[in-house]
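Worksheet: the structure to be examined is printed underneath.
Each reported figure results from applying straightforward, stated rules to the coordinates on display, with no laboratory input. If you're wondering where the values come from, they're calculated on a predicted model, not measured in any experiment. Don't worry about glycine lacking a Cβ; one is built from the backbone with ideal geometry, like all the others, and counts go over all protein chains shown.
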Amino acid sequence: MDRIRIIGGVPLKGAIQISGAKNAALPLMAASLLTDRPLLLSNVPDLADIATMRHLLAQHGVESHMTAEAAGGHRLSLAVPDITGTLAPYDIVRKMRASILVLGPLLARAGRAEVSLPGGCAIGTRPVNLHIEAMREMGAEIEIEGGYIRARAEGGLRGATVRFGTVSVGATENLLMAATLARGTTVIENAAREPEVVDLTRCLVAMGASIGGIGTDRLVVEGRERLGGASHEVLPDRVETGTYAVAAAITGGDITLQGTSVELIGAVAETMREAGVLVEAEGNGIRVRRANGRLQGVDVMTQPYPGFPTDMQAQIMTLMTGAEGAAMITETIFENRFMHVPELARMGASITVHGASALVRGVPRLTGAPVMATDLRASVSLVLAGLAAEGETIVNRVYHLDRGYERLEAKLAACGAVVERLKG
Ligand code: EPZ
């Protein structure tokens, strides 16, 4: 298994091109199932999760081709003239939970779907009850059998008013996609407002869907007989943006993040500014550098958008390990998303966890160590810690990083980081 070796302590300086958002690209790819016309996506990141989604979609008859674009992203064409299979097998779903996103589109277009239940996950129990209940409210008959969600809607789905008790990005996306081909009107209340959900709605509209309330927590979808093809550019990755912003701040560097915007990382930019980081719009991107002096501890609580994103919790905690004073980091979205804490402690961080909160007391310096993590964002937080730490850090289980960060070492090395991938 590959590892990443980092010699820390170098202030990172330079420019980093931000890739398209993984969490936008995955539902957009699933949306290709809704039409027999081609869907052309640009600014797609080349990541392990994108390959897994292509593999899954191929089971349903989707032909996909990916080519590099001059700008650095990728163009992905997806076409499925006929749905040739409705089974999303356990072997693929267990690798990537976002596989559940084929449930709504398959039911809407093919009238059936057999999707494996995803099972356990490193960051929490992550049930899919909201997805299932929403499809039932649209008239689908659903049984759970042999670890599979077996769903049928032979006469087609019908519009319904669905109010989510919990804000769920994936359930909102699944229901949205299903509703575009349902009979009648669907109202989604307490819908997720994440930029990736907005990106999906824009693409669906370009495909001919009728969606009102875009960007709000109440979406109204008028079902259509069929959708057409479209070309759509995937929005920039706000988590990658935030992660490299922390890399600039934690190393005392100065990085320009290109092809992204301050608006996309609103709550993260606000927290970083409070901590003493300059985060400024510059040209077609953001310039991030530390203001004078040591960083200040800032309390953070994760929330659905527009609140502070859970996908940036581990990274901001790492930043706070070197801040003056204390910072209370509270995780409200996932119940087990502090897996990075014991690893950061191995590097000299002072962190005490009480239930859903972690109290971080700043230390003057972290020291390098061999570390590993069990999910994507926890893993990248250890890379960030390694960049700031004295000496050598080896981050194990790099495959987590490959799921969500495109050319991570190359992007960091271009800014002066001493980082390499050790094969095997
Ligand atoms: C999306 O996951 C993202 N994944 C996650 O990114 C992100 O952490 C999460 O949203 C929250 O922002 C993708 O977009 C592919 P949810 P999702 O449904 O849709 C509970 C990363 O690192 N819930 O919004 O699966 C759930 O347990 C990842 O890139 C139910 O109870 O998240 C959680 O507490 C990891 N029942 C809360 O809702 C359900 O049926 C929010 O989860 C569904 C969710």
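Summary table below
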{"read-out": "Label-to-label distance, nm, for residues given as SER210 and ARG365 (7 Å Cα→Cβ offset)", "value": "6.6"}
{"read-out": "Cα convex hull volume per residue for the stretch 306-417 (Å³)", "value": "110"}
{"read-out": "Hydrodynamic radius by Kirkwood, which averages 1/r over all alpha carbon pairs of the stretch 129-240, in angstrom", "value": "14.4"}
{"read-out": "Prolate/oblate/rounded call for the stretch 35-91, Cα gyration tensor, a/c under 1.5 rounded", "value": "oblate"}
{"read-out": "Trypsin sites (Lys or Arg not before Pro) lying in DSSP loop within the stretch 150-235, provided at most 14 other Cβ fall within 10 Å", "value": "ARG226"}
{"read-out": "Proximal lysines relative to LYS22, as straight alpha-carbon distance under 16 Å, when same-chain residues fewer than 8 apart are discounted", "value": "LYS95"}
{"read-out": "Cβ-placed point charges (K, R +1; D, E -1), dipole of the stretch 328-400 about Cα centre in debye, nearest 20", "value": "80"}
{"read-out": "Protection proxy ranking, peptides 136-147, 407-418, average beta carbon neighbours within 10 Å, highest first", "value": "407-418, 136-147"}
{"read-out": "Linear extension gain, ARG152 paired with ARG218, 0.36 nm per residue minus alpha-carbon span", "value": "21.1 nm"}
{"read-out": "Simple spin-label estimate for LYS423 and ASP2 in nanometres, 7 Å along Cα-Cβ", "value": "1.0"}
{"read-out": "At 0.692 mPa s and 37 °C, Stokes diffusion of the chain via Kirkwood alpha-carbon radius, µm² per second", "value": "150"}
{"read-out": "The stretch 206-306 - Rg (one decimal) and Dmax (whole number), Cα, Å", "value": "18.1, 60"}
{"read-out": "Prolate/oblate/rounded call for the stretch 192-249, Cα gyration tensor, a/c under 1.5 rounded", "value": "oblate"}
{"read-out": "Sequence ranges 208-214, 128-134, 106-112, ranked by mean other-Cβ count within 10 angstrom, highest first", "value": "106-112, 128-134, 208-214"}
{"read-out": "Assigned charges on the beta-carbon of Lys, Arg, Asp, Glu; the stretch 87-162 dipole about Cα centre (debye)", "value": "240"}
{"read-out": "Residue order, fewest to most surrounding Cβ atoms within 10 angstrom, among ILE316, ILE333", "value": "ILE333, ILE316"}
{"read-out": "Inter-label distance, nm, simple model (7 Å from Cα along the C-beta direction), ALA122/VAL353", "value": "1.3"}
{"read-out": "Among beta bridges that DSSP assigns inside the stretch 194-329, antiparallel share in %, nearest 5", "value": "80"}
{"read-out": "Charged-residue dipole, Cβ positions (Lys, Arg, Asp, Glu), the chain about Cα centre, Debye nearest 20", "value": "360"}
{"read-out": "D (Stokes-Einstein, µm²/s), Kirkwood Cα radius, the stretch 58-115, 0.890 mPa s at 25 °C", "value": "194"}
{"read-out": "Inverse of mean 1/r across different Cα pairs in the stretch 1-40, Kirkwood, Å", "value": "14.5"}
{"read-out": "Under-5 Å amide H pairs with ARG224, H placed in peptide plane, nonlocal only", "value": "LEU181, ALA182"}
{"read-out": "Binned Cα-Cα distance frequencies in the stretch 26-151 - 5 Å width, integer %", "value": "2, 11, 21, 22, 19, 13, 7, 3, 1, 0"}
